[in-house]
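Heads up, the thing below is written out as structure tokens.
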Amino acid sequence: MDFMSYLPPLAVGFGAGILSSFGLGGGTLLLVWLTSVSGMDPAQARGINLLYFLPVSAAALPSHIKRGYLKGKGLFLAIFGGLAGVMVSTLTLSDLLGQWQDKAFGVFLLVMGILEWCSPGRKKP
């Protein structure tokens, strides 16, 4: 592979990293690019996205801590609930849903996008 063939994935990774640092869905952009443009299997793209998230989120944490974005009563409850949800879905739902996972995720993104589009302005933390 020549250098030019590395530019598109680097550019997408860079853009997704910027969006991820703000919590604006860089991982979603990465998933769409990996599956739609690169033609990658959705299950493999999700795995890459999970691995991508670890260093990107670790790099964004100091800035979020400094700005006070990680304070609040619900922080540890949300983390615990998220971990519990991951464990339950990994052990049960992933086999049950199979091919429907991609469609369900697409519907979820569509609904969340509509809700964000229609929601009134929010206060800054």
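In units of 2.2 N^0.38 Å, what is the alpha-carbon radius of gyration of segment 1-71?
Numbers: Rg = 13.5 Å, N = 71, 2.2 N^0.38 = 11.1 Å.
Scaled against compact globular proteins, the figure is 1.22.
Could you give the longest part of the chain that holds none of the chymotrypsin sites (Phe, Trp or Tyr not before Pro) found in DSSP loops with at most 16 neighbouring Cβ atoms within 10 Å?
Values: sites that count: 22, 69.
Looking at the chain, 70-125 is the longest stretch - no exposed chymotrypsin sites (Phe, Trp or Tyr not before Pro) with at most 16 other Cβ atoms within 10 Å.
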message: Show me, for segment 11-17, the HN-Hα J-couplings you get by feeding each phi into the Karplus relation (A = 6.51, B = -1.76, C = 1.60, θ = phi - 60°), rounded to Hz, glycine and proline as x.
response: 5, 5, x, 5, x, 5, x
- prompt: Rounded to two decimals, what is Rg over Rh for the chain when you use alpha-carbon atoms and the Kirkwood radius?
  reply: 0.99
query: Once every DSSP H run of n ≥ 4 in the chain is given -39500 (n - 2.57) and the sum is divided by its residues, what mean residue ellipticity at 222 nm do you get, rounded to the nearest 500 deg cm²/dmol?
result: -23000 deg cm²/dmol
Full-stretch length increase - residue 73, residue 24 - with 0.36 nm per residue and alpha-carbon distance subtracted: 15.4 nm
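Quick note: the coordinates plus some simple rules give every number you see, no bench work behind them. Nothing here was measured: the structure is a model prediction, and the numbers come from that model. Backbone-built Cβ (ideal geometry, glycine too); neighbour counts: all protein chains shown.
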